[in-house]
Protein chains: 4
Amino acid sequence: MPAARRPTQAEYTVVHELVPRFRDTDAMGHINNAVYITYLEVARQIYWARLDRRADYRRVPFILANVACDFRSEALVNEVLMLGIRLDWIGTKSFAFVYEIWEKTSGRTVVEATTVQVCYDYEAKRTLPMPGPLRKALESFEGRDLARPVFP
Amino acid sequence: MPAARRPTQAEYTVVHELVPRFRDTDAMGHINNAVYITYLEVARQIYWARLDRRADYRRVPFILANVACDFRSEALVNEVLMLGIRLDWIGTKSFAFVYEIWEKTSGRTVVEATTVQVCYDYEAKRTLPMPGPLRKALESFEGRDLARPVFP
Amino acid sequence: MPAARRPTQAEYTVVHELVPRFRDTDAMGHINNAVYITYLEVARQIYWARLDRRADYRRVPFILANVACDFRSEALVNEVLMLGIRLDWIGTKSFAFVYEIWEKTSGRTVVEATTVQVCYDYEAKRTLPMPGPLRKALESFEGRDLARPVFP
Amino acid sequence: MPAARRPTQAEYTVVHELVPRFRDTDAMGHINNAVYITYLEVARQIYWARLDRRADYRRVPFILANVACDFRSEALVNEVLMLGIRLDWIGTKSFAFVYEIWEKTSGRTVVEATTVQVCYDYEAKRTLPMPGPLRKALESFEGRDLARPVFP
């Protein structure tokens, strides 16, 4: 079920090239579905490191609230994958990333996904409003308006 | 964000008790988000083994097309988790599972999720209409009508 | 390369039955080699929980220093595996576990392994002599002499 | 427990730079021990791709028979790791790799390991003598004598 559209690096704020590990496969002979959710986490990790070079991913001020993932085609261990990620919107307490994973040579879409994160105080164990400085840093990094659409 | 409702075994067709592995945790100190997607696969694996005791999970006649997952609360490695799974609907070529993962002692909801599978011929590498015998086996196993709602 | 000897539960202090997850497989169609190292950790986790029911595995007073593992036969996802573990010896600062993993029905040996752990203060980030109460608890749990052999 | 010696790229035939995934960590806050065994597999995968650019790692003509691994220091998710691998010896049916994993900036040794592989016919499910062309390719790639030492 490959998409007709060929994804481009320009559609994403951060694009990361990933060489699968053999451990990422399963007995179906292809990359296991749960591993793509780890690839999304790799994309967030790279995104956050670019946003703030001093960041420690163990100290990020959010928790994952939701993931939605479409599996468009299977990928094999000898393929090189491109992970694209961009911020979709910022709300009062939450923000969303959009992702696409495609095969490097052919441009074949493998996965399309979104995740919603909620700002979180890990010590107090409760959600937080989006801190102003973080919103500014994200808007500056993305270089565009990130207000949440009224009718999503 | 625990749900007020306490999940019960009666809501699910198959319920499986899972003791997390230490490897399931990450440096946040809790079960990693991608691992829950593996727990959903464990639930499908158990479901399929109950449906057909001779089944080999490497030969299941479907592929995963979509997963949507809400993370309701964090779980720790010393907690015992209950995985509940039931079929939601059967369409022309696809069918959906609904899942819930909850902490055994407290009944605290950890994850709510759905997956959509598409019937698939792995040798021919193409999708298939749902085979009649499989539909009958699933309806018999679930003991209820599984027609896809017209307005989902 | 199955061993002629059939392993028995009596050879091990703790024996745990493990149903593999589909995620444990790789594209060779069998359980991936690194996953057995996780199974050894599962065995330690179960051992430690039996030793001290109030134990939190995130607080164990040791680090892993060495693992040696022989892969005797391949295992498939639809097999049920038995994990056997016993303490081998206790030294001044370190102690060793011996493990065997076998297929439940046939008794076929899948893995034989040993690990060496060093007592460790995670806060001070340094090794420690084996604490007296821990040595006593281990000897009592094992029910036999655990002095390290002079000529190992 | 860092080694006094600082590892160099010249000691290994293939050196691969690896950025850990957050999923590689566990609740101890560091890279999980079993993940290093996957890193060794990544090193073999890269080695084999360099040896034969047309190689498909799912078709390698060997099985893993043994792994021995010393954990020298802990590594954190924000560290970059160097994986060094070289062939140690070739025997009649088997061959051994030596590995070292070190932190890129400091040169701190994280893991030292060896693995033994046995030549294997996956279809016939039995071991094989080392094929002559493979031995020649390995010796040519390593550029040195690989006879197994008589007194290992």
Taking the conditions exactly as written (open to solvent by 20 Å² or more (accessible area, probe 1.4 Å), more than 22 Å from A:L64 (Cα to Cα) and either under 16 Å from the mean Cα position of the chain (by Cα) or within 13 Å of another protein chain (Cβ to nearest Cβ) (or both)), does B:E123 satisfy them or not? yes
Consider C:H16 against the criteria (1) under 20 Å from C:P131 (Cα atoms); (2) touching a residue at least 24 places away in the same chain (Cβ under 8 Å): it satisfies all of them except one. Which criterion is unmet? (1)
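Conditions (1) within 30 Å of D:I31 (Cα to Cα); (2) modelled with pLDDT under 95; (3) not polar (S, T, N, Q), marked per residue:
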position: D:E103; (1), (2), (3): yes, no, yes
position: D:V110; (1), (2), (3): yes, no, yes
position: D:A113; (1), (2), (3): yes, no, yes
position: D:V116; (1), (2), (3): yes, no, yes
position: D:T127; (1), (2), (3): no, yes, no
position: D:M130; (1), (2), (3): no, yes, yes
position: D:K136; (1), (2), (3): no, yes, yes
position: D:P149; (1), (2), (3): no, yes, yes
Take B:T114 and decide whether it is closer than 30 Å to C:D56 by Cβ and among the β-branched types (V, I, T). no
Residue that is exposed (fewer than 15 other Cβ atoms within 10 Å of the Cβ) and farther than 21 Å from D:L64 by Cβ, where the choices are D:P129, D:P133: D:P133
Among the residues of region B:138-152, which ones are assigned to a helix (DSSP H, G or I), open to solvent by 40 Å² or more (accessible area, probe 1.4 Å) and not charged (D, E, K, R)? B:S140, B:F141
B:E112 vs (1) touching a helix residue (DSSP H, G or I) at 6+ places or on another chain (Cβ under 8 Å); (2) part of a strand (DSSP E or B): all pass except (1)
Considering region C:44-97 alone, what residues qualify as being polar (S, T, N, Q), within 27 Å of B:E41 (Cα to Cα) and either crowded, with 18+ Cβ neighbours inside 10 Å or within 11 Å of chain D (Cβ to nearest Cβ) (or both)? C:Q45, C:S73
In this structure, is C:V118 touching a Leu at 6+ places or on another chain (Cβ under 9 Å) and either polar (S, T, N, Q) or not in a helix (DSSP H, G or I) (or both)? yes
Could you count how many residues in region D:25-39 are at the interface with chain B (Cβ under 7 Å from one of its Cβ atoms) and either among the hydrophobic types (A, V, I, L, M, F, W, C) or under 13 Å from the mean Cα position of the chain (by Cα) (or both)? 2
Single condition C:A113 does not satisfy, out of (1) within 30 Å of D:E100 (Cα to Cα); (2) surrounded by fewer than 16 Cβ atoms within 10 Å (Cβ to Cβ): (2)
Residues that are crowded, with 19+ Cβ neighbours inside 10 Å and either at pLDDT below 95 or within 14 Å of chain B (Cβ to nearest Cβ) (or both), drawn from region D:8-24: D:P20, D:R21, D:F22, D:R23, D:D24
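The values are calculated or read from the model by the stated rules, or taken from the named source; none is laboratory data. These numbers come from a predicted model, not from an experiment. Glycine also receives a Cβ, built like all others from the backbone with ideal geometry; neighbour counts cover every protein chain displayed. Heavy atoms of the whole protein, side chains included, go into the accessibility calculation; ligands, DNA and RNA do not. Shrake-Rupley method; radii C 1.70, N 1.55, O 1.52, S 1.80 Å.
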